[in-house]
Structures are given as structure tokens and as C-alpha cells.
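Reading through the C-alpha cells given below for one structure.
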Amino acid sequence: MGYPHPPHALETPVLSTHFGEAAARTFDGWVKRGGYEGLKKALGMTPEQIFEEVKASGLRGRGGAGFGTGLKWSFMPKEDGKPHYLVCNADESEPGTFKDREIMRWTPHALLEGCAIGCLGIRAETCYIFIRGEYTEPLRILQAALAEAYANGALGANAFGSGRRVDIIIHRGAGAYICGEETALMNALEGRRGNPRIKPPFPAQAGLFAMPTTINNVETLAAVPHIIARGAAWYAGLCKSSPKSTGTKLFSVCGHVMKPGVYEVTMGTPMRDLIFGIAGGMKPGRTLKAVIPGGSSVPILTAGEIEDLPLDYEGIQARGSLLGSGGVIVMDDTTDMVYQIWRLARFYAHESCAQCTQCREGTSWTTRILERILKGEGRPDDLDLLLDLADNMTGKTICVLSDSCATPIVSGIKKFRSEFDAYLNKTRAPVLAGAGA
Amino acid sequence: MSAPVSSPPALLNVTIDGIQVQVPPGTSIIEAAKQAGTLVPHYCYHPSLPSPAVCRMCLVEVEKFPKLVPACVTTVAEGQVVHTQSASAKKAREGVLEFLLINHPLDCPICDQAGECELQDYVFQEGRAGTRYANEAKRYNPAEDFGPDIMYVGNRCILCTRCVRFMDHVAGEKVLNVSERGDRAYIGIDASKQLDHPWAGNVVDLCPVGSLISKDFLHKARAWDLDRTASVCPGCSQGCNISIDTRDDTVVRFRPRANLEVNRHFICDTGRAGYRFLNRGDRLEAPMVRSDAGQLVVADWDVALAAASAVLRSATGSAVIIASGRASAEALGHVQRLTSHLATSAVIQVPMGIEAPLEGIPNLALRAERAPNGRGAEMLGYGTDVDAAIDRAAQASVVILLDADLDADQEARLAGLGGALLVIATVPPEGLRDAVVMLPTTTMAEEQGVYVNRDGRAQRYSQAKAAPALARPAWWIAAEIAGCGDDDADVPADASDAFRMLPEFGGLRHADLGWVGRVVAG
Amino acid sequence: MSRPTDAPYEPVFTGSTREKLEALQAQYPTRQALLLPALWMVQEARGWVSDEGLAEVAAVLDLTPAYVRGVATFYTMYHLHPMGRNVIQVCTTSPCGMCGAEQVRDAFLRHTGCVELGRTSADGRFTVLESECLGACGMATPVLINDDFLESVSPETVPGILTRYA
């Protein structure tokens, strides 16, 4: 079931089956719930068999990029004699996204099992779980689970007596959204500033400590034991719309809904079902204004645009946005779109690593312009300026944080221009204290 | 060289702005573009530093690529077609420049970099005419003394990180960092340290703007008032290529000149600071001859040359030549010829110091031998034992001092040799007033000449400032003395000719050395 | 940045703390990879990371103090100034912001006696900071107090929460 609400008929619990059950956190509790069957099976498979199975399942990266997981694993070199690394990206920091936290604090062993199978699939003996520094509770729970897994022989030099080594190490981040970017994450792990790296080289060629590396999201890895245990065909069969979007997805629904929380649905489930069915719809007297479907870095959709919108990669892309992390931010008619977009720009300005000129300067500049507008000091050409700056910030930097700052600004101005105009032509009173306030 | 013969990798054909070039695989687009005659605008890239591709200024359009790519880290591929001046590339550059200017202070009127500032240059070339940055405040970072010679004006910094990469990877001393994140970032220095690495001054040259500046040069001269002359550092035997920058005939600074075979793009702080002697005002202004009354009096060149010639013609037995370590190959060679009929002990002064290598560049160091032409002198047969030479002076019938810088003790040991002392000098030696002649000569900045560095590379240097009106290069002085009274004498027409006439250097002319020099000895 | 008192700096990496750090080395192929863990250990021991703390980490890990400072200043969670005994971080990014997070932030400022964000209360008990997205957007407003991750904080529950922190 999702968390923290009771299961809903429209949900398809797979990863979330045991959310909320404290007993699921223990090794024994997890084994009782069918845990570690996937790993035991994988220990008898070759890496090719493992990643072909994952490929056939259609599992795609659940962190936001949506890249085929089995395909990503197949990029790793085969026999190169170098140590390979699997990195689990547990740096969940995309505004609106809070699903990996639930996986880690309710079913930590699911993640450990997925990491172990991932190691086997890419010929790695070591996996680092990079967990964001603020996730203190999942960290404690994961550390306890890890100790148990070792104590019970699931991990270590001789995983389940197979003679294969699988080591998992938890590494704590220290407060930087940008470390969710896979190359910045590797830098943080190596004891550097969390700066994204230029590619090439790609991680599969030279990644962590310059060795071949694969980075996967928590949710992606947590799905793997199910795929191995129950088969790719079962997973691929969980599909309601586009055949390229299979399996289930955890959606973290937040903002102006009656029941915010994490919910698991089959890919292709209509967005309306999620918001109005499972999450309880709008608060009394309120109407839907906008939805950001996949974390703050994807384009904003209007209420009209989510009608008959399936929750899958292709459907949302066709509608002009992205599934992304599945962080669904719901905004009702009380929302000041300009204010929220300003607050998002402020977020990106705070998180910019400072390498690229467009991002370092542009995130702050756009924030200041929006602030001016909210102070009632906007100028007539400010919107054109914002759009031009957003264009200058897009497609020109080492990573996409710059583009992510531009996205809500562009979609916001395009679809909610009247709200910006209201501040500019002063039909709406300023909401921030200005120089004259 | 005796390397085994193997075929080199096939060159790749690339078209840049319509011009076809052929480059080895692995060449970056920015370097390939140089061959096509195009300099792709950039800040963070530097051929002697690792490339982080952070400034985003060098984004170019490559056909069939979905996005603009950074030319500094993108390697060429066969058949690639690159456009550096396409509308999208230009707009991207205009965007970068605008972003850089929003927090950059309008310091040009008080900033030393003005006139040689890459931000000014590119903004003028392709930036926006006006700013769209409204009443928003610019972020503020206080200026910091990075010491001893370097100031960091944080407000002007464009975070290209060249300075950090230089100290980390080339100097090998990780004393600088990027601190903070986003637009709060600035260059920080270890609180307990200074930028006193022997090669740290290069960060001032590397800084594309006036953020890292030299305190020595602070507010001294405007870049557009400067003349820049190709030269060679007179500080040590490494022979780093420099530019002597002058304003109104005063040397205001040395800067590195690129030479990939010698010093790449760098000079050491000792060499950098070693220009002051070129501005000395206490010069020997005119030729002087010892009168019958025993005093040095000003005389015409003809008279002085004749007096010197007379001494040499009548000399027998032995001779001693003590020369400055900064004397040119031409000077040393032609002065030496004056005593070819005598048993000559010829030495140059080579002060010694502590070697200070630049870790990240092979074979580059501030050398212990603090003289630029030791190798050239050695090829001519000069030694370095000055004390022994001074001892021998007592028995010599002629002693020639070629701009030797002697201390009081050494001068005292040479005193009393009045009849045999010929002095060629830039600054008149105080304790040797009883020389037969004192002939004013040029410093290395006031002449053309050649130095041969420790690796046997002969490098030419050019005249950067005017000499005192009556001073002459020492090779001319020597050749004129030699040719005194002989109308058929073979007097060199110029410094290049003087160099050509020295068989030790293979009959090469200055033009044969080019501006990166030529190895003339093993 | 100086320490609040003139007391000499007490090294962190001695005895069992040093052993704990060295035990981590087996998990990483480089010494430098211990940097984030080492900075955490300093902050856990002292409440913040002073310049001397940075220097000690540098010495123990064979890095330069400049390098360590460059890394430490990158990450928001390392406090490079002395903080109150209890550090309160309130998420105010948009998903929480649109669900009342700013009122929660203001309630914390009011009830702790901290005059403004980042300024420690006069009694040294609290420092209140705004945080970016804490990853619990569905449980607005999430607040991190020291190592305690609280969910669903409202202005009404703030006073009761504060009584739990000495």
C-alpha cells in the first residue's frame, strides 16, 4: 500500500506492499515476506542473463531520466579486469519527490537486495548507497538492515554461500541537491565538491574512482528483486497504456490534495485517478489549477491538460511535460503561480554548483527579476527578458540544473501569463516587501 | 633521434567556418580552429591547464549534433563541420557575456586589466550594447590580499578557475579553492598561507580579467600605453621567453611569452620581478678616456676606441676578460676576439641561487645558475671562476670588464692595474676610476642579441627601449676596437651579422632562430 | 571564523574516533573519499566545523586545508559557524511553501526567540534555518531538528516540539 494512507483499489502494490509495517524492516521480517528470493536466484545467473531479464521487463530509471535499466547495465564492460561499481542514488532532493524515503525506511532490505542483484548484473563487487544527509531516519534504518544482512550472510565475501562477494557501503551526503546528478554524486563520494562532470567519459567507461560505474535510483533497484523473482514477463505485463512504460511507479502526491502521500500505480493509470481517486481530490470548495507531474524540473501542466492524461513516459511527454521522478505537485485555485515559480527559482539558485556561467548567474538573475515582479516593481519587458534568459540557460551547460530552473519559468509564463501581468500592471498587490514598502 | 620508425595516425579532415584543416585524432575543436585561423572565444580553457569546460564561452555549432558543444573538450571527428559564427553560437556567447556582466563591477576606469581584458574584448566584439540588468544589486565580495604580490578583487572574478587549476596541477601547491556555491562562489585561499609559490605570479597572467592583479603593477600604467617587445628573461639559464613591456622608455613589467619548447606559458616570480635593473638612471652616459693628468674625461667614440685599440695592440702575454652573465652571445664573442693574440682567461659571472621547479611542466625551473647566457659563454670558451680570473689579472697585460658587476672587494683586487684596464659598462664601477677607458654599453633591453639557454637553445631578443644616446652594444664596441685603423676590417652591420660571424654558432643569423629559438648544442 | 571562547582547539580524531575513521578506509580505495565522513565526525563531536577542524581533517587525510575548505563550503549541512545547541531546519520550498511552511518557519522564529534566520537565540539554545526540499513534501511541513526528522509540523505544534530540546 502507499503511505501514509490505507491502500486504495486503484493502486497496484508491488514495492509498497509493506509500507507502514515496522516488522518489514528486519531481516527475518523481510524473508517472511518473500524477501531475498530474487537475490538467491540471481546468484545462479550470469550477468547477461540478469540484465537481459531486466531489459525484457521494460524497467526504466525511476529517478527521473527514464533510461532503460537493463540497457544501462549492458553498457558496462565485460572482462576488463577493473573493479566495477554500482552506485545507488538515494539523494532524493527533487522538490515534490518523496518516494525513495518510504522505500528506505519501510523496506530497506528490498533496496539492499536490489543493489546486490545489480552488482551481479554489472560484474561489481561493491555498491555504494549515497543517501542525502537530511534523511536521518532512513539512514539509521538502512544501517541496521545492512548490519543484519551481513550478519545473516546475505552480503559479504560469500553471499548466501555462493562464493560471490557483494559489499554494500552506505555513504552520507551533506546537503546538495546537485548530488542527485549522477556525476556530481560520484564527485561527492570521492570527497570532492559536488560538481557535475563533463561527459564523455561516461560512467560506464570511467566513473567512480575512474572505474566503470553504473548509477541507479532507489526505486529502480527496489524493483529488480521482483523482476528476477517473478519474471520479466510479469513486470512487462503491468502496463495500461504505452507498451514502452511498464511495471508500477511510486508517485509522491503533494500540494493541494486531501490525502498527500506516496502511491503505487500501474504505468498508464490516468492522472485523474491518482489525484481525484486515490489522493482524495481537491480540498472542499477548491478547484484544480495546475499540476507538475514529475518533480519541479518538468513543465507545469494546466488542469485542462491533465484530462485523459496517462501516467507514463510517452503520454506525459506527448502532452509537453515529463514523468520525471513522479513527484506530483498539485496546485489549486488559491495558488499564486508567480510566487511559487519564484520560490522554485530561488531553490535552483541556492543549489547551483557555480561551474557554468549560465546557471550560476542565470538562476540568481531570474530569481531577482521574479522577486521584483512580486514586489510590484516589474517592468513591461520583464517577461520577454525572463523568456530570453531561460532560452540562454537551456541546452548550454554541463548538467540540466540550469534548464530545470528555466522550465517552470517558461511553462509558467506561457500558461499563466495573466497572473504575471496582474503584478506587472498592478492589478494585483505586491506580496513581497519592496524598497518602497 | 633514434626512435623506431612507425607510421603516424592518419590525420582527420575537419571543416571549421568553411576552412578545411587536417589534425591528428584527439585534437580539440578549439585547437583545430586555431589552425583554421579562428580563435574560438574562451575563458576557462588554457593549453597548459586541464579543461573543465565551465565558462561555456566556447560553445560552437557542429552539424548533426543536437546541442552546441564546448570546443575546448570536444575532440574532432572525421568529416565534422563546425560553425563558430553561426547565429546560435553567437547568441550563446552573447548570453554568457551578459551573464558575466551582471555581477561584474563597472571597474574599468580603475582596473589594471583595462585594455588587455578578455571580458572587455569579447563584450566589445560580440556582447550586448546595453545591460538588461535593472536595479538589482550586484553581489559583493571584498578584495583580499593573497600576498606577497597578488591581490584578489573578488567582485571582478568570473570563476573561470584557471588560478585554482594552475596552483593545483601545475604549481603542485593546493592553496587556492573555489569556496561556496552558486553565485556566492569566490576564490578562497588557505587562511594560513600566502600565494608565495615561486611560480604563483602566473595566476595574474592567467586571469582573463582584473580579478587577480599584481601589486607591483598596480595603477602603474595603462595597457594601451605600453609597447611590448619579444625578449628572453635575463634571470637564469632556463631562458624563459618574455615580453618586455615599456611605457615611455621605462620597463614596467616582464610577462611570459609562449614557447612550448621552453617555458610554455609561464615565468617564475624571480624572473618576473627582475626588470628593475633595466631602469637604472645612474648610467655611464658617454665614453671616457684617462687623460694625461690621470683623470677619466669624456671623449668622442673615435678617441675612446683608439685608446682601447692602442692598449690591445701593445699588449703581450696574458689577458683577462670578466663579463656579466647577462652579456649577449655577440658581445662575448666579439670581445673575446680582441684578445685572441694573448693567453686569455675569460669568465662570466654566474650568481647562484636555489632552484625552484614548476612541477607540472617537464624541464622547467628557476635555475640555480642565475645567468641567461651561461651556455652561450661556455660554447665560446668562457669559464665561471671569477675569483681565479681576478687573481690572474695581476699578471695580465689587459683586463677587459664587460659590464661586470663586481663588489668592493673584487674592485679593490683589480685596482692599481690602471694601465691594463678596459671597462665596458652600463653603470660605471665606482672603485675603478683608473681604467684606461670606460665605454658606455647597452643593457639587454636596449639591444638585440642572443642568449643560449641551458638546453643549448639559442634565442634572440629584441630592443625594448632606447639606450642612453651614446651607449652602444658591446659587440659593436669590440668590433670597432678590432677594426680601428683598418679600413678593410670586417665590422658587423648589425647584431644578426655579429652573431653570424661567430663560428661557434654555426653561422646562423637571428632570422634563422625565429621567435622560439633553435637548438645549437646538445 | 573564531571559536566562541579562547579555549584551545581539542583534536577530534583521537582514540576511538580516530579508530572509527581509519576503519572506514577499508571501504574506499582513496584516502580522499573519507572527507565527507570525516567532516560529519567533526560536526558530530563539536556541533560545527571550525577552521581548526578543517585543518585537522586536512592533516589526518593528507589534503590541504584550502582543499578541505573548498569542499566543506559546498555542502549546506556542514555548519562553519558556531550554532545553537539545537539546529532547526524548516523546509520552505514550493510544495511545502504552498502548504503553510512559511507560517511554520515564522512560528519557530517566534517561539525560539531567534530574531532572524541563522541567528542563534540569546540563550544559545536554538538556531533556525530555512532548508530547501527535505524530501517529505506529502507530510508538510517537515522539519529537521538536529538528527530528528519531524513530519507534519504546524504552527500549533511548534511550542510543544521545542520543549523536547534543551
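Between B:ASP490 and B:ASP292, take the C-beta separation as r, use R0 = 35 Å, and let me know the FRET efficiency to the nearest 0.05.
For R0 = 35 Å, the calculated efficiency reads 0.55.
Along the Cα-to-Cβ line of C:GLU151, 7 Å from the Cα, sits a label point; which residues in the stretch A:12-29 have backbone N less than 19 Å from it?
So the set is A:12-26.
Highest first, please rank the peptides A:325-338, B:81-94 by the mean number of other Cβ atoms sitting within 10 Å of their residues. Intermediate results must be reported in sequence, preceding the final value.
Details: A:325-338: 23.6, B:81-94: 18.3.
Sorting A:325-338, B:81-94 by mean packing, highest first, produces A:325-338, B:81-94.
Toward the positive end of the charge dipole of the stretch B:12-85, about the Cα centre and with charges on Cβ (Lys, Arg +1; Asp, Glu -1), which of B:GLN22, B:PHE65, B:SER51 goes farthest?
Of the options given, the answer is B:SER51.
When the Cα centres of the stretch A:302-334 and the stretch A:79-107 are compared, how far apart do they sit, in Å?
So the two Cα centres are separated by 24 Å.
Of A:ARG172, A:ARG132, A:ARG417, which has the largest mean-square fluctuation in a 10 Å C-alpha GNM of chain A?
A:ARG417
To one decimal place, what Kirkwood hydrodynamic radius in Å is obtained for the stretch A:22-233 from all pairs of distinct Cα atoms?
16.8 Å
Could you give the nm distance between label points at B:THR75 and B:ASP249, where each point is 7 Å from its Cα heading toward the beta carbon?
It is 5.5 nm.
With the Cα gyration tensor of the stretch B:139-195 giving a ≥ b ≥ c as the square roots of its eigenvalues, does the rule (a/c under 1.5 for rounded; else a/b larger than b/c for prolate; else oblate) give rounded, prolate or oblate? List each step's numbers first, then the result.
On the way: a/c = 1.83, a/b = 1.30, b/c = 1.41.
In terms of gyration-tensor shape, oblate.
List the aspartates and glutamates whose Cα sits under 13 Å from the Cα of A:LYS40, skipping any in the same chain fewer than 8 residues away.
Leaving aside aspartates and glutamates fewer than 8 places away in the same chain, those within reach of A:LYS40 are A:GLU113.
Where the centroid of each part is defined by its Cα atoms, how far is the stretch A:368-394 from the stretch C:137-163 in Å?
Spelled out, the Cα-based centre of one part sits 34 Å from the other.
Can you tell me which of B:291-299, B:132-140, B:365-373 comes out highest on packing, and rank the rest after it, using the mean Cβ neighbours within 10 Å?
On the way: B:291-299: 11.8, B:132-140: 13.4, B:365-373: 23.4.
With the highest mean Cβ count within 10 Å placed first, the list reads B:365-373, B:132-140, B:291-299.
Just subtract the alpha-carbon distance of B:TYR140 and B:PHE217 from 0.36 nm times their residue separation and send over the number in nm, one decimal.
Details: separation 77, 0.36 × 77 = 27.72 nm, distance 2.42 nm.
Once the chain is fully extended between B:TYR140 and B:PHE217, it gains 25.3 nm.
Between A:ALA157 and A:GLN205, 0.36 nm times their residue separation minus their Cα-Cα distance comes to what? Please report the intermediate quantities before stating the final value.
Details: separation 48, 0.36 × 48 = 17.28 nm, distance 2.56 nm.
Difference between extended and current length: 14.7 nm.
Project the alpha carbons of the stretch A:337-424 onto their principal axes and report the range along each, largest first, in whole Å.
In descending order, the Cα extents are 36, 20, 19 Å.
Using alpha carbons only, how many angstrom separate the centre of the stretch B:195-249 from the centre of the stretch B:59-77?
Answer, in whole Å: 34.
Mind checking which lysines have their C-alpha under 19 Å from B:LYS193, skipping anything on the same chain fewer than 8 residues away?
Filter leaves B:LYS174, B:LYS215.
Which value in deg cm²/dmol, rounded to the nearest 500, describes the helix-derived mean residue ellipticity at 222 nm for the protein assembly as shown, given -39,500 (n - 2.57) per DSSP H run of n ≥ 4 and division by the residue count? Working shown, then result.
Values: 37 runs with 339 residues, N = 1125.
Counting only the DSSP helices, I get -8500 deg cm²/dmol.
What distance in nm separates the two pseudo spin-label positions at B:ASP196 and B:GLU63, each 7 Å out from Cα along the beta-carbon direction?
The answer from the label model is 5.8 nm.
Build a GNM of chain C with springs between Cα atoms under 10 Å: which of C:THR127, C:THR17, C:THR30 gets the top mean-square fluctuation?
C:THR30
Rg over Rh of the protein assembly as shown, using C-alpha atoms and the Kirkwood radius, what does it come to?
Values: Rg = 36.7 Å, Rh = 33.8 Å.
My calculation of the ratio gives 1.08.
About the Cα centre, and with charges only on the beta carbon of Lys, Arg (+1) and Asp, Glu (-1), how big is the dipole of the stretch B:12-85? Nearest 20 debye, please. Show your work: numbers first, answer last.
Details: 4 positive and 5 negative charges, 36 e Å.
So the dipole magnitude of the stretch B:12-85 works out to roughly 180 debye.
Just going by the charge dipole of chain A, with Lys and Arg at +1 and Asp and Glu at -1 on Cβ, which of A:THR397, A:PHE276, A:SER241 is farthest out on the positive end?
Of the listed residues, the answer is A:THR397.
In debye, nearest 20, what is the charge dipole magnitude of the stretch A:82-155 about its Cα centre with +1 on Lys and Arg Cβ and -1 on Asp and Glu Cβ, if you could check? Write out the running numbers ahead of the final one.
Details: 7 positive and 10 negative charges, 38 e Å.
The calculated dipole for the stretch A:82-155 is roughly 180 debye.
So, counting K/R as plus one and D/E as minus one, what does the shell of residues with Cβ under 15 Å around B:ASP385 add up to?
Numbers: positive: B:ARG392, B:ARG413; negative: B:GLU369, B:GLU378, B:ASP387, B:ASP391.
After counting each charged neighbour, the total is -2.
With charges set only on the Cβ (+1 for Lys and Arg, -1 for Asp and Glu), what does the dipole of the stretch A:1-118 come to about its Cα centre, in debye to the nearest 20? Spell out each step's value before the answer.
Values: 14 positive and 15 negative charges, 16 e Å.
The calculation lands at about 80 debye.
Nearest 0.05, what FRET efficiency do B:GLU285 and B:ASP512 give at R0 = 30 Å with Cβ-Cβ as r?
Working: r = 35 Å, r/R0 = 1.17.
The formula returns an efficiency of 0.30 here.
Using a simple spin-label model with points 7 Å from Cα along the Cα→Cβ vector, what separation in nm is obtained for A:THR287 and B:GLU94?
The modelled label-to-label distance comes out at 4.2 nm.
Between A:THR136 and C:GLN27, what FRET efficiency comes out of the Förster formula 1/(1 + (r/R0)^6) with R0 = 22 Å and r the beta carbon distance, rounded to 0.05? Can you show the working numbers first?
Values: r = 20 Å, r/R0 = 0.93.
That pair, C:GLN27 with A:THR136, gives E of 0.60.
Between A:THR246, A:THR394, A:THR136, find the one with the highest GNM mean-square fluctuation for chain A; connect C-alpha pairs within less than 10 Å.
A:THR136
Bear in mind these aren't lab numbers, they're just calculated from the coordinates by the rules spelled out. Quick caveat: nothing in here was measured; it's all calculated off a predicted structure. All Cβ positions, even for glycine, are placed from backbone atoms using ideal geometry, and neighbour counts span all protein chains on display.
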